[in-house]
Every structure is written in structure tokens, then in C-alpha cells.
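To keep things clear, I will list the structure first and then write my remarks on it.
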């Protein structure tokens with residue numbers, strides 16, 4: 001009993017420290033005078049986290065909202081107003097509605113096993129409808145993902161260029177080698193991005209004039225062309241030394257496993273959280 005009480009005490013202290021750290025972030029980060037949207041892109045099936053990066057000091061809790069388009073009058077509330085909704089990610093079904101696939105932890109919104117229909121605006125604010133921070137989330141479908149085996153001489157997709165815009169693939173880092181002591185595989189995911197000087201300035205991006213293909217910042221004429229470019233995954237062989245207690249796994253992964261688990265990384269939990 002003493003051990004359990006001590007553990008609960010330590011957990012309480014840790015939670016308090018995390019809340020204090022969040023409060024310090026809010027004090028340092030001023031909310032924008034006009035609501036803007038940070039662009040974020042993920043592959044369908046991934047789990048992602050959206051932090052509420054700012055809020056007025058007097059606000060002690062936040063409410064998250066989902067809006068399909070900026071001009072749409074329909075806004076879904078992603079909270080129960082009585083507290084945060086806690087979800088066991090192992091019980092989340094892939095095809096379920098977004099209202100059954102989210103959790104709010106320390107002001108951050110976590111969406112489990114995202115689907116293409118979850119693309120849209122995510123807004124952090126109060127239950128009265130005052131918004132502080134917004135995200136433009138682009139969930140790119142994985143059904144027609146392009147797979148390139150580099151060791152076989154296959155290549156990733158080439159850039160596509162028109163007069164006013166160009167489409168290209170932005171790749172994530174290579175995963176770790178999935179085996180040791182024997183020949184293994186590494187994968188890297190690539191998502192569709194567009195470069196243009198005609199993007200909507202209300203949307204903030206990591207690079208000037210560059211955003212993901214499904215972003216609401218992309219003008220309508222360009223969106224039709226961007227739908228022709230699918231996400232992709234590049235695969236290459238690798239060799240990794242085994243640590244003392246690692247056991248080599250022989251055999252190659254089936255391509256079905258590569259596609260179905262393309263959102264996962266071997267050294268992370270079964271449902272990875274992307275920041």
C-alpha cells in the first residue's frame with residue numbers, strides 16, 4: 001500500500017509539472033491577431049497530435065472543433081464539455097467516425113487512425129466558440145500508394161510542373177533497419193506537396209509558397225491536378241549489427257504488410273503519434 005501511495009504521489013507531481021510546463025508555453029506564445037491555420041499532412045491510418053499552442057491566460061480549459069471547409073457553417077465539437085474524452089487506442093476501429101477516434105490531453109487533440117475524410121480545419125478555443133489556434137490538416141489516402149523498390153532500379157515519382165504550380169513528393173526520414181544480423185529493409189514515406197505563389201496567405205506553412213496537396217490553401221484549379229499524384233513509399237535493403245540480446249529475423253516482408261503498415265515504425269508503439 002505504501003508503494004502504491006508513493007507511486008500515485010509521484011504521478012501527481014509529474015502531472016503538475018507537465019501542466020506548469022504547458023502554462024509556461026502559453027505565457028510565452030501570444031495568440032495571432034487573426035486566426036490562421038498551420039498546415040499538417042499525414043498518411044491515412046496514422047495517429048496525430050495537434051497541440052493548442054496558445055490561449056489567453058485566464059482560460060483554464062479548451063474545446064476542440066472540426067470544420068470541413070473554412071466557409072462551411074457546420075462545425076463539429078470534439079469534446080463533451082464535462083472534461084476530456086479518454087480513449088484506449090487499441091479499441092479504436094479504423095473506419096469509425098472521428099467523434100469516436102479522438103482524445104484531449106493537456107490541451108492537445110489526438111486523433112487516432114486518421115482517415116481521408118478527417119481532412120479539414122481543427123480549431124482550439126473555448127466552449128463559447130472563441131478560437132485561439134487553428135490547423136489545416138491534410139490526410140492523404142493510402143489505397144493507391146506508389147511503391148518503389150530502389151534496389152530493383154525502380155524510381156520514385158518525378159516532379160510535375162505547370163505554369164503556375166509544381167507538384168512533388170516530400171519524404172520523411174528512413175525508418176530503422178527492420179532486422180539485424182541479416183539483410184533487412186528500410187522504408188520512407190512520401191506525401192504530395194505543391195509549390196505555388198498563389199497559395200492562400202491565411203494558411204501558414206513550414207516553407208514559403210509550399211503546402212501539402214490536400215491543403216485548403218491550394219487554389220481550386222490546382223487541386224484537380226494534385227489528385228493525380230498519390231503518396232508513395234520507397235524501400236531499400238539495409239544491414240544492421242545486432243545488439244547483445246537481439247535475435248535476427250529471417251525472411252522478407254510481404255508487400256501487403258508494407259502497404260498496410262506503412263504508417264508504422266518498428267521502434268514505436270503499434271499506432272505511432274506524429275508531431
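The numbers here are math on the coordinates, done by the rules we state, and not lab data. Model, not experiment: these values are computed from the prediction. All Cβ positions, glycine included, derive from the backbone under ideal geometry; neighbour counts span all protein chains shown.
Below, the figures for the structure above:
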{"item": "Projected-area average for segment 135-243 over all orientations - Cα convex hull basis, square nanometres", "result": "8.5 nm²"}
{"item": "Inter-centroid distance (Cα atoms) of segment 102-116 relative to segment 118-189, Å", "result": "18 Å"}
{"item": "Sorted by Cβ neighbour density within 10 Å, fewest at the top, the residues 36, 46", "result": "36, 46"}
{"item": "Relative contact order (%) - segment 107-213, alpha-carbon pairs under 8 angstrom, separation at least six", "result": "17 percent"}
{"item": "Fewest-first sequence of 151, 138 by Cβ atoms within 10 Å of each Cβ", "result": "151, 138"}
{"item": "Order of 106, 167 under a 10 Å beta carbon neighbour criterion, fewest first", "result": "106, 167"}
